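Trainee: To start, I am sharing the structure in question, which I have written as structure tokens.
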Amino acid sequence: MNDNKTRREFLKKSMVMAFAAGSTLVPGSLSPIFANTSKERIPDLVAVKNGEPDIMFNKGIKLMGGMKRFVKKGQTVLVKPNIGFNRTPEFGATTNPLLVKAIIEHGFGAGAKKVYVFDHEASSAYGLAAKCYKNSGIESAAKQAGAIMAPADDYKYYQGVKIPGAKILHTTDVHELLLETDVFINVPVLKHHSYTHVTMAMKNLMGVVWDRMYYHGYGLDQCIAEFCLYKKPDLNVLDAYRVMKSHGPYGNSPEDVVIAKSLLISEDIVAIDTAASLIFGIPPQKVDYIAMGQELKLGKMNLDELNIKRLVL
Amino acid sequence: MGNFKIKNIRVVFSLLIFSLTVLALLGHVKISQLISETLFNVQFIPAFIQFVEGTGIAFLFLVLLTLCFGRVYCSFLCPLGVLQDLMIRLSLKIGIKKQHVRLDNFIYFQYTVLILTIVTVIFGSFAFINLFDPYTVFAKIAAHLFKPLVLFFNNILVEIVETFDIYSISIKRQNSIPFHVLAVTLIFLTGILFLSVFKARLYCNSICPVGLILGMMSRVSFYKFHMDKEKCRHCTLCERVCKAGCIDVQNLTIDNSRCVGCFNCLDVCDKHLISYTHRTAENKNHPVWVRRHFLLNSVVVGSAVLSACTPFRLEKTGFLPGKAPVMPPGSLGFDHFTKTCTACHLCVSVCPTQVLKPTLMGYGLSGLMLPQLSFQKARCDFNCNACGKSCPTGAVTSLPLKEKQLTQIGTASLNKELCVVHIKKKHCGACGEACPTHAIFPVEDKKVIFPEINLEYCIGCGACEHACPTDPNAIVVSSVLIHKKVKTYKPDRKPELKLIPQKQGFPF
């Protein structure tokens, strides 16, 4: 009984919050995106704090120079959140649906022709994906924003690709939308991972391949880093609104979650993971795939070299 | 028209039953559950099992129905009967066959099947029920032969609409059914279709154990078919439309025990010399019981009662050939499962993750083609209890989701000599990541995180075995013969929720 009550209360609260957030978004925040006239240097990393997920993104993307820097008129966009687990948003196991919605809206605002959203369910088991799409709240959020929820749970959607310069992950099968779309936006959620310490932007890309168990069998950290040799996202938006601090990646209860209300945006996938691990509270050196990513020249771990814009709301 | 024709009602009603049965076996969770809870309760063997197990009384309704109206079950409720009727109709339409002939009596063969069924049940084997129960036979045909056709067309449609970026319908796959099981199903389908084309309802009157039991009851049924022996002009019209071949115009008799209650004969006689009337109007000369029938019937009834009494069943796990199969959550254990599952494969068809797969001999002689959980390509979804909800016999009892999530159907064990983390000292965690109950937990040693298992929480869902990347799998689930309840996972310590000190609001 108690459980039910708190869950219902929570839903009510988040609905009110969503409504409030939505109403603040509509009047003023969309127009400034189109009017990006600032001659300031574009930052390498934008960090926003203390706002609702969508509001933080609205402010953050403006600091990044607006969505128009990434999405040109008539282009197709792929938004890849973490929808790998059948969990409701309060577990922090999946990307915040409000954030996904805001990104899609900005994509369309910048003139995108189509926006696709998908993720390959984490256990790659038949018949689980639909539940993940639904319970994460991302399906309905994405559809409301006008995006297309594409399936990723059948091998027919995947195509083999070669990965240049890889030592372990020479070839893999990637989702066809990765090949077809013009712009690739990676939207991971920051959370604990019992077996790789923490999961962030680079690890989120495991959801665009068919056989992720190959990674597990042949060197998880190395494969995670090497995949970026094939394709790096055009933009990474890391959701650290709710951060699962233990029992990751599936989580045990909403008690595992700390409300960090943070958001990171960067084109540099190594930098964003470095910053995210600091937010999580783990030295980036401890997360093997980050160091491997730097070795492969995918990005920079030294945040002092970077131009970071911080915004506390 | 104006004429009230029972035959027309029968055609409409049976087609409805047939379509609903096929629909249920296509495996949509909610539809299957609804149909299973209603329609399949009045399938003879499922109803009988429910009655014996004390979970349903629909069986009494069937007995009463037959004692009142004869074997109408065979034409109104039995999907396998309707399948034969459709085939018969087709073969008459396209002219393979012109008319039915009176059939030779195969009753001794049928008695043999029935008695063997009962004897094997007494000795703890459901093999004959798995093979010959008409509902089970039909269910397997629908699930393994009709369903792929439907999926094929569904998937073509998906391909077409997806080119327009419409994803509202999705690709549906069916787990590969073991070759032996498919072969048995196919043999039964072709056999029954062949019989129905050339010998009409011969299956019902020469093999079907349910048909025989119903036939025995219909000898004494209240309503029966009668012939006006004085006025009959031996035109044989009725004999030629009788699918059961039970009308003998030469001797002016109708064998009501073989009559499947199709009502074809009633209308065909232009003088209305065949009537469906109650017993008081019966020709008193017609013998109801022949001595040999009476003896056989007594044997059957006696042994049926015996087989229903569980104490007489022999210990069954002795039949197990090797590694016990993992049984669905809700099946309670080996003993309960093998004495209630008819192997209709409704759960196999319904299972959303397709983890349920039939095994021909996995249960030894206790049952043929019973389903088991196969973790090679699938896992049991933690948040699903569809198999129990849809099972028509109660072999897989319906567990509330919370209870199912604590029901141990197997236990995982890790072979460290095969485990990636142990061999390569590299992170994997595929099993732990997939484990929904936190039975698998991480242990860090020299910067490498190893998986360990706590069986107190393991329910045997197979998520770990399915996820394990090694070949052969380092982590495997073995069956638990009597299902148990496990503890709910409680973390030893509260997670550390503090974030490290921050400058300008950020730690960087």
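Where a number appears in this text, it was derived from the coordinates with a stated rule and is not lab data. If you're wondering where the values come from, they're calculated on a predicted model, not measured in any experiment. With ideal geometry, Cβ positions are generated from the backbone for all residues, glycine too; neighbour counts draw on all protein chains shown.
Trainee: If neighbour count is taken as other Cβ atoms inside 10 Å, put B:S32, A:S123, A:S246 in order from fewest to most.
Mentor: Taking fewest neighbouring Cβ atoms as first place, the list is A:S246, B:S32, A:S123.
Trainee: Still on this structure: Could you line up B:D228, B:D85 from fewest to most neighbouring Cβ atoms inside 10 Å?
Mentor: Details: B:D228 14, B:D85 25.
Ranked by crowding around the Cβ, least crowded first: B:D228, B:D85.
Trainee: Let's test the formula: R0 of 56 Å, r as the Cβ-Cβ distance of A:N302 and B:F164. What FRET efficiency results, to the nearest 0.05?
Mentor: Values: r = 48 Å, r/R0 = 0.86.
That gives a FRET efficiency of 0.70.
Trainee: Okay, moving on. Calculate I(q)/I(0) for the stretch B:20-174 by the Debye formula, one identical point scatterer on each C-alpha and no solvent, and give its log10 at q = 0.10 Å⁻¹ to two decimals.
Mentor: Here the Debye-derived log intensity ratios amount to -0.52.
Trainee: Along the Cα-to-C-beta direction of B:E37, a point sits 7 Å from the Cα; which residues of the stretch B:373-392 have their amide N less than 18 Å from that point?
Mentor: Hits in the stretch B:373-392 for B:E37 at 18 Å: B:384-392.
Trainee: For the stretch B:117-141 and the stretch B:377-449, compute the distance between their C-alpha centroids and round to whole Å.
Mentor: The distance from the Cα centre of the stretch B:117-141 to that of the stretch B:377-449 comes to 33 Å.
Trainee: With the contact rule set at Cα under 8 Å and sequence spacing of 6 or more, what percent relative contact order holds for the stretch A:172-236?
Mentor: 42 percent
Trainee: For the stretch B:139-230, what percent of Cα pairs sit more than 23 Å apart? Could the numbers behind the result be given before it?
Mentor: Working: 2278 of 4186 pairs.
Value for the stretch B:139-230 (Cα pairs over 23 Å): 54 percent.
Trainee: Counting just the Cα atoms, what span does the protein assembly as shown cover along each of its three principal axes? Round to the nearest Å and put the largest first.
Mentor: 111, 58, 51
Trainee: Taking the Cα atoms of the stretch A:43-312, what is the range of coordinates along each of the three principal axes, in descending order and whole Å?
Mentor: 42, 38, 38
Trainee: Give the Debye-formula value of log10 I(q)/I(0) at each listed q (0.08, 0.12, 0.17 Å⁻¹), with one equal scatterer per alpha carbon of the stretch A:139-295, two decimals each.
Mentor: -0.23, -0.53, -1.08
Trainee: Just to be sure I understand: with springs between alpha-carbon atoms less than 10 Å apart, which residue in A:P233, A:P283, A:P43 has the highest mean-square fluctuation in the Gaussian network model of chain A?
Mentor: Highest fluctuation of the listed residues: A:P283.
Trainee: How big is the equivalent ellipsoid of chain B along its three axes, where each semi-axis is √(5λ) from the Cα gyration tensor, reported in whole Å from largest to smallest?
Mentor: Working: eigenvalues 584, 124, 69 Å².
Each semi-axis is √(5λ); the values are 54, 25, 19 Å.
Trainee: Based on the Kirkwood radius over alpha-carbon pairs, what is the Stokes-Einstein translational diffusion coefficient of the stretch A:100-222 at 10 °C with 1.306 mPa s viscosity, in µm²/s? Walk me through the numbers on the way to the answer.
Mentor: Numbers: Rh = 15.6 Å.
Estimated via Stokes-Einstein, D reaches 102 µm²/s.
Trainee: Here's a follow-up. Using Cα pairs closer than 8 Å and at least 6 residues apart in sequence, work out the relative contact order for the stretch A:43-312, in percent.
Mentor: On the way: 646 pairs, mean separation 67.6, N = 270.
The normalised contact order for the stretch A:43-312 reaches 25 percent.
Trainee: For the stretch A:221-307, what is Rg from Cα atoms divided by 2.2 N^0.38 Å, rounded to two decimals?
Mentor: Working: Rg = 13.5 Å, N = 87, 2.2 N^0.38 = 12.0 Å.
Compactness ratio reported: 1.12.
Trainee: Between B:L90 and B:N454, how many nm apart are label points set 7 Å from Cα along the C-beta direction?
Mentor: 5.8 nm
Trainee: Based on alpha-carbon atoms only, what is the radius of gyration of the stretch B:358-508 relative to the globular estimate 2.2 N^0.38 Å? It would help to have the intermediate numbers written out before the result.
Mentor: On the way: Rg = 19.0 Å, N = 151, 2.2 N^0.38 = 14.8 Å.
Rounded to two decimals, the normalised Rg is 1.28.
Trainee: While we're looking at this one, here's another question. Go through A:K49/A:K134; B:K402/B:K426; A:K143/B:K172 and tell me which ones have a Cα-Cα distance over 24 Å in this structure. Please report the intermediate quantities before stating the final value.
Mentor: Numbers: A:K49/A:K134 28 Å; B:K402/B:K426 36 Å; A:K143/B:K172 22 Å.
Beyond 24 Å between Cα atoms: A:K49/A:K134; B:K402/B:K426.
Trainee: Given a Förster radius of 41 Å and the C-beta distance between B:K30 and B:L186 as r, what FRET efficiency does 1/(1 + (r/R0)^6) yield to the nearest 0.05? Provide the component values of the computation, followed by the final result.
Mentor: Details: r = 29 Å, r/R0 = 0.72.
It comes out at approximately 0.90.
Trainee: Using Cβ counts within 10 Å as a stand-in for footprinting exposure, how do B:V181, B:V11, A:V187 rank, fewest first?
Mentor: On the way: B:V181 21, B:V11 17, A:V187 27.
With the sparsest Cβ surroundings first, the list reads B:V11, B:V181, A:V187.
Trainee: Where does the stretch B:1-65 land on Rg/Rh, using Cα atoms and the Kirkwood Rh? Don't jump to the answer; show the numbers that get you there.
Mentor: Details: Rg = 14.5 Å, Rh = 13.3 Å.
Ratio of gyration radius to Kirkwood radius: 1.09.
Trainee: Output the relative contact order of chain B, whole-number percent, from Cα pairs under 8 angstrom with separation of 6+ residues.
Mentor: Numbers: 904 pairs, mean separation 83.7, N = 508.
Over chain B, the number comes to 16 percent.
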